[in-house]
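The structure appears right after this line, and notes come after that.
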Amino acid sequence: MLGKKIKNGSIEDTLNRFLKDDQHLVLGFEKDENGVSLRAFKNHLDHYSFLNPIFSTNGALHLRRLFSKGTKIILMLRPCEIRAYIELIKLNQIEREDIIAVSIDCLGTVSSKEKADDIPVEAGQLKDYFKNSDTMRWACKVCREKRGVVGDAGIRIDKDGLFWAFPYTEKGETFLTLIEGESEENKTEMLMSGSEKTDKFQNDMKTFAKDFTKCIMCMNCRDMCPVCYCIDCVFNGDEYLPKGDALLNKILRSGPVQLPQGKELFHFIRMYHVSQTCVGCGACEEACPQGIPLTKYFKGVSERLQGMYSYMSGKSFDETIPYLTFLEDELKNAED
Amino acid sequence: MSQDKAEKNPEIIGFACSYCTFKASEMAGSLRLKYPDGVKLVQVPCSSRVDPAFVIKAIFEGADGVFVAGCHPGDCHFIKGNYFTRRKIAALKEMFDAFSMNDKLRLFWVSAAEARRFVEKVTGMYNEIKERKNVRKEN
């Protein structure tokens, strides 16, 4: 595949060239004394970082309901963030027109709850770090697609630690014209290979109840989920999760209830609602103050449900979300 | 002794499309066909109106079984509503399967003229769930 080699430090020049225009923005990671953080850059950037080894939120969360109105934006994010962005485009939550999405090979991340002072941000060192340490988040360990092969363009790391930029769409070509140098055929092997298949998720209600007893219904998992986007969530009223009067009525009507009400209901319904769009980034687990292993359930269920329709969330712009389309002759065994 | 003998009667919530299955249930009434009391029907304008959240809520609020029923594929009043239903409910079944509770949900098609088929389907589901429920009680 034809791509451009990115010389050391030249990406900052590239992005600065793009940022010269007042209406242009870049969303990416910045190094500072406190580590690496997600930042929206305007006009100028200095300490740009390709990799962000600490996961706190999914960047696509901030893009929900983004209609850019002529502002050109380059996203330089992890593959899981770009995949969430693609899903939101399919759900008409983002205007694709002026956004160039660039996915960058991801070597895995540690949780932001972890002490992360000595984590390197260079590709080679980071790889060695994860070899000797088991602090990598579970979501990243079982991630199906850490490669930067989604979006308009991708930045990939080869075995020698060099960065390559590859275009996937027309907009990706535009991004590549910003980078200095000629396109060349890539011959070296990439650091990251394709995805492995994981086992089918299977569980029973007992372990489910056990895992979720700690839930306090703060709904952080919903709020931090990049693809859980409804303005009017069914759980905002007191119909599904009764409070006050409604709760009293319910107890009088149907007897004693467990409090807080409707934990299982909440997670089940949410699991179903995000099943086709879940990218398995683990932002829900990251947001959970009680440390419930949410990724296990959400990722497991969504993989099964997406597998039914041979769909993978965030893989391409053109595939339709399975619930929004159908085949006339299918799923005979679902009917009784 | 008498307590053991008391059979548990399941409750089943059914979401019935108002153009087909609900009409079939009305016809079953006018034909004096009997189906179990435990079956409660909820009329919906189209089976695709059923958000799987309704089904999940019904089950977590204590229903022993839920069925979603609509027109046969191709006969939908809204042209393609039941195709979407099929995808949604099939996925929901798969999800229930992942939690080993797939025996609680059914999806079937009953047209307005098939009163007998409606009664058969509903009673069949009722009896199956009743049997399972009483077996579980004995253990």
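The values are calculated or read from the model by the stated rules, or taken from the named source; none is laboratory data. Bear in mind that the values here come from a model prediction, so they are computed numbers and not experimental data. Here Cβ is always computed from backbone atoms with ideal geometry, including for glycine, and neighbour counts include all displayed protein chains. For accessibility, only protein heavy atoms count, side chains too; no ligands or nucleic acids. Shrake-Rupley method; radii C 1.70, N 1.55, O 1.52, S 1.80 Å.
A few comments on the model shown:
- Heavy-atom accessible surface of chain A: percent carbon and sulfur, 1.4 Å: 50
- With protein chains left intact and a 1.4 Å probe, residues in the protein assembly as shown average 48 Å² of accessible area per residue.
- Highest GNM mean-square fluctuation among A:178, A:61, A:294, for chain A modelled with Cα contacts below 10 Å: A:178.
- Probe 1.4 Å - accessible area at residue B:77, Å² to nearest ten: 100
- Within a straight-line Cα-Cα reach of under 12 Å, residue A:315 can be paired with the following aspartates and glutamates, leaving aside sequence neighbours fewer than 8 residues apart in one chain: A:81, A:87, A:145, A:152.
- In chain A, the sites counted are GluC sites (Glu not before Pro) in DSSP loop states with at most 10 other Cβ atoms within 10 Å, and the longest stretch holding none of them, exclusive of the sites, is A:34-181.
- Apolar share of the accessible surface for the stretch B:32-80: 50 percent from carbon plus sulfur atoms, 1.4 Å probe.
- Between A:257, A:234, A:274, the residue with the greatest mean-square fluctuation in the GNM of chain A (Cα pairs under 10 Å linked by springs) is A:257.
- Over the stretch A:62-156, relative contact order from alpha-carbon pairs under 8 Å, at least 6 apart, %: 36
- Average 1/r across all pairs of distinct alpha carbons in chain B, invert it, and you get the Kirkwood radius: 15.4 Å.
- Where no second cysteine Cβ lies under 4.7 Å, the cysteines concerned in chain A: A:106, A:140, A:143, A:215, A:218, A:230, A:233, A:278, A:288
- Relative contact order of chain A, pairs being alpha-carbon contacts under 8 Å that are 6 or more residues apart, as %: 19
- DSSP-loop chymotrypsin sites (Phe, Trp or Tyr not before Pro) across the stretch A:1-74, with at most 15 other Cβ within 10 angstrom: A:67
- Which listed pairs, of A:141/A:200; A:131/A:210; A:296/B:104; B:23/B:121; A:210/B:88, have C-alpha distances above 22 Å, in listed order: A:131/A:210; A:296/B:104; A:210/B:88
- Across the stretch B:1-135, the relative contact order, built from alpha-carbon pairs under 8 Å that are at least six residues apart, equals 36 percent.
- Rounded to the nearest 20, the Cβ-based charge dipole of the stretch A:132-196 about its Cα centre (Lys and Arg +1, Asp and Glu -1) stands at 480 debye.
- On association of chains B and A, roughly 3200 Å² of accessible area becomes buried (total for both chains; probe 1.4 Å).
- Reduction of at least 50 Å² in accessible surface, 1.4 Å probe, comparing all protein chains with the chain by itself, residues of the stretch A:228-262: A:240
- Taking every full run of DSSP H in chain B, the ones that stretch at least 18 Å from end to end by Cα along their long axis and average -0.5 or higher on the Kyte-Doolittle scale are B:81-98.
- Test item: Cα-centred dipole of chain B, Lys/Arg +1 and Asp/Glu -1 on Cβ, debye: 200
- Choice from B:23, B:121, B:80 showing the highest fluctuation, given a GNM over chain B with Cα pairs closer than 10 Å: B:80
- The angle between the Cα long axis of helix A:79-90 and the longest principal axis of the Cα atoms of chain A comes to about 70 degrees, rounded to the nearest 10.
- Shape call, the protein assembly as shown: gyration tensor on alpha carbons, a/c limit 1.5: prolate
- Computed [θ] at 222 nm, deg cm²/dmol, chain A (DSSP H ≥ 4; -39,500 (n - 2.57); rounded to nearest 500): -8500 deg cm²/dmol
- Given charges at beta-carbon only (K, R positive; D, E negative), |dipole| of the protein assembly as shown in Debye: 1600
- Using alpha-carbon coordinates, inclination of helix A:244-254 to the longest axis of chain A, degrees: 50
- Relative to the longest principal axis of the Cα atoms of chain A, helix A:294-308 runs at roughly 80 degrees.
- The trypsin sites (Lys or Arg not before Pro) of the stretch A:81-167 that meet both conditions, a loop assignment by DSSP and at most 15 other Cβ atoms within 10 Å of the site Cβ, are A:113, A:115, A:159.
- Shown here for the stretch B:51-139: GluC sites (Glu not before Pro) in loop regions (DSSP other than H, G, I, E, B) with at most 14 other Cβ atoms within 10 Å, namely B:61.
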